[in-house]
Amino acid sequence: MPSDWIPRTKTGQLKRRLSYNEKLIVLGMGDPLDKMRARLDVFNNLFAYRRCGSIVTRAGKGPRDWTTLRHHLKDEVILRHLLGGSHDQKPTWAGCRSFATTKFVAIDVDADRGGQSNSAPDTSFAKRCDEVERAFRRMGIDPSDPSVVLVQPTPSGGRHYYFFLMFGVRLAEIIELLEEAGITHVPGRTEIFPSENHGFRLPFGAIPGRSHDPKAWIKFVDAYKEGHIRLFKMEELRTVLKKHGRRHRRQHVSKQISKVYTNTRRSVRPVEKPPVRMVKPRRLKLQTAPALSKSEKFQGMIEKGITSKDEVVKLLRLGIQKEGTRKETMKILAAHFVWICGMGSDDAARKLTDWLMDHRHKSKDIVADLNEGTEVVARHAERMCKWYEKQRQTDPYHPPLNLRFRQSEVAALTAVQKMPAELRHDQAMFLLHFLAYAKEHGLRAADGQSYVASPAVNAVIRRWPGCGKTGYQVRIASAEHLGVLRLVRGKWQNPNGQGRARTYRIAVPVKHDPECLTLGDAIGLLTRIDPPRRAPVGQLPPPQPTEARLDNGATENLRHQSPTQLPSRASIPGTLPSTSSRRSLATGSHPSDRTPAQLAGLPRRFTHPGTLTPASGGQSSDPPIGDDNQRRELDAAHEEFVRIEEYLSAERLRLTSRRRLHNRRRYRGGG
């Protein structure tokens, strides 16, 4: 090598640390840098196309001191592997893993260890090398031709056999082909590479105890680029292997026949022919339909769709048999892998890509990716699997956050204000969400005075605030008693498919005025408490309306009678008539019978504006309660609230008992 190309220090000594370009100069021995970079790219694309998960040895520690890189394999490490200890460099070795497809096949025949050749002569190194070479010849590969098979010695005394493919082939197909030829993967003896999980030593590295030729890899790369290295097709290898198998079977059968004939020829005696007998005619079998071709089977699957896992297996075996159907086939398989098999988008995309990268498919995009090394189909499969995973994670219904209502719609729901203050908020939330769902997914009534909708319980109603578990049952019952909601059609449970939910009619008129109220504004209007009406100072309160006496002797204020009559206590299932319904839930006494000190601790709905409280110092700005009419008014309101609470509690208890009885029957196997 000319001395001008040798990297030296200013003092004229050889450099020990070389840069990337200096390593290329040493390897090329004067060749241009552009040419050396092109050669290195060809070498990397063939042997080191996967850079993650690579393995290297530490400098000066020997060829078996492997460690896994935490980062990607760099070109500087590959150049140091190819230098092999020349130019006063300590030799290091590098290895790479493979993707699901590869363009070369390597057979690693390990050397004998620990007296293995003496104890087992059938599995010695020479015997295993001979088996590999004979298997190559069965596939039509000549192991003695350097332009067909690349043979590389290993530092441990073994041997690597390489042969190269014209297109990328899946690793599973290569292993299957080699097993048919007679090469089986046995760790420590004969191993098949490359692999996705184990790194494989790159060729043209240093061999301890032998002189290293740093230009050997350049000769191979130049021959590979110029087409002097033979490239095989998988179809060609399978065809030659099948011909060899048929020829071997014929030879074996002919040998067995000749052997039997030779042994029995002298001992055979003439045998009399049996008399001819009349054979009863057999019935002709019905002609069956002609068998469908692969393209016809594939076309039927694409048109009718996949209905079982067996059909998916058949589709995977057939492959894409018609051009222009790649996208439809990918949709079917991506939906199956993500929705049926429960795979993640990454695993599904990897499995789908491995299946697509095969020359047996009739698709222009797949053939272009395999020939040119592009990843158009792989990226398409990744996007498609991510889309199907997103659709799987999307719930069927989400209540919208930006609900809008009209003034007329909120005015139609003011019946909520008849309920106790602590129940108004949840009931208003339920009615507003029901109204929003009916406007978006329901139908308008013919008279324009209501909406009709059929929301599902589990998928829709239970997602609304305050309607989880059995809370929706209380909300629906309260809305029906208020007259806002009415059941118009019952549910239908279909044992063979999708059924029908209950259909309700919500009494809200259909208007076209602008939706100017948000959800918070509508809740505030429905749950507000109007201030009490006060008489002017110095005037007596207005006269109270007349009272109607019922048959049972109780008095009821007609002015405050609710238009929607709630069921009486005696009609509620599971309850008994009570004589103390006028008693407060807090202390057990009626508000009108208490002292001002007792009234100070009651909720606002149980106190009258004219009642004296300690906070007012015994004085009240309102006129005092001087007659029994206001007391009766307070009693009627209190009894109505207590009746609502008792009815809702009884309904909740009845539904819970019914559900428990139903679950008990199902557990015992009943109807």
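The values are calculated or read from the model by the stated rules, or taken from the named source; none is laboratory data. Worth saying up front: this structure is predicted, and the values here are computed from it rather than measured. So basically every Cβ, Gly included, is an ideal-geometry build from the backbone, and we count neighbours across all protein chains shown. Each accessible area value is taken on the protein alone, full model and side chains, heavy atoms only, with ligands, DNA and RNA left out. Shrake-Rupley method; radii C 1.70, N 1.55, O 1.52, S 1.80 Å.
Note on LYS439: lysines with a C-alpha under 24 Å away, same-chain residues under 8 apart excluded, are LYS491, LYS511. Cross-linked pairs LYS103/LYS297; LYS322/LYS351; LYS23/LYS233; LYS233/LYS255; LYS242/LYS309: Cα-Cα separations exceed 27 Å for LYS103/LYS297; LYS23/LYS233; LYS233/LYS255; LYS242/LYS309.
I need the shape label for the stretch 143-190. Rule: rounded when a/c is under 1.5, else prolate if a/b > b/c, else oblate, with a, b, c from the alpha carbon gyration tensor.
Judged from the Cα gyration tensor, the stretch 143-190 comes out oblate (a/c at least 1.5, b/c at or above a/b).
Computing FRET efficiency as 1/(1 + (r/R0)^6) for LEU487 and CYS516, where r is the C-beta to C-beta distance and R0 is 41 Å, gives about 0.85.
The calculated FRET efficiency for GLN256 paired with GLU180, based on their beta-carbon distance and R0 = 22 Å, is about 0.45.
Counting only protein chain heavy atoms and rolling a 1.4 Å probe, the accessible areas of LYS390, LYS297, LYS304 rank, largest first, as LYS304, LYS390, LYS297. What share of Cα pairs, in percent, lie more than 26 angstrom apart in the stretch 55-200? More than 26 Å apart: 31 percent of the Cα pairs in the stretch 55-200. Can you tell me how the stretch 387-519 classifies by the Cα gyration tensor, rounded, prolate or oblate, using a/c under 1.5 as the rounded cut? In terms of gyration-tensor shape, rounded. Counting only protein heavy atoms and a 1.4 Å probe, the stretch 323-392 has 53 square angstrom of accessible area per residue. Using the Cβ-Cβ distance between LYS469 and GLN417 with R0 set to 35 Å, the FRET efficiency from 1/(1 + (r/R0)^6) comes to roughly 0.85.
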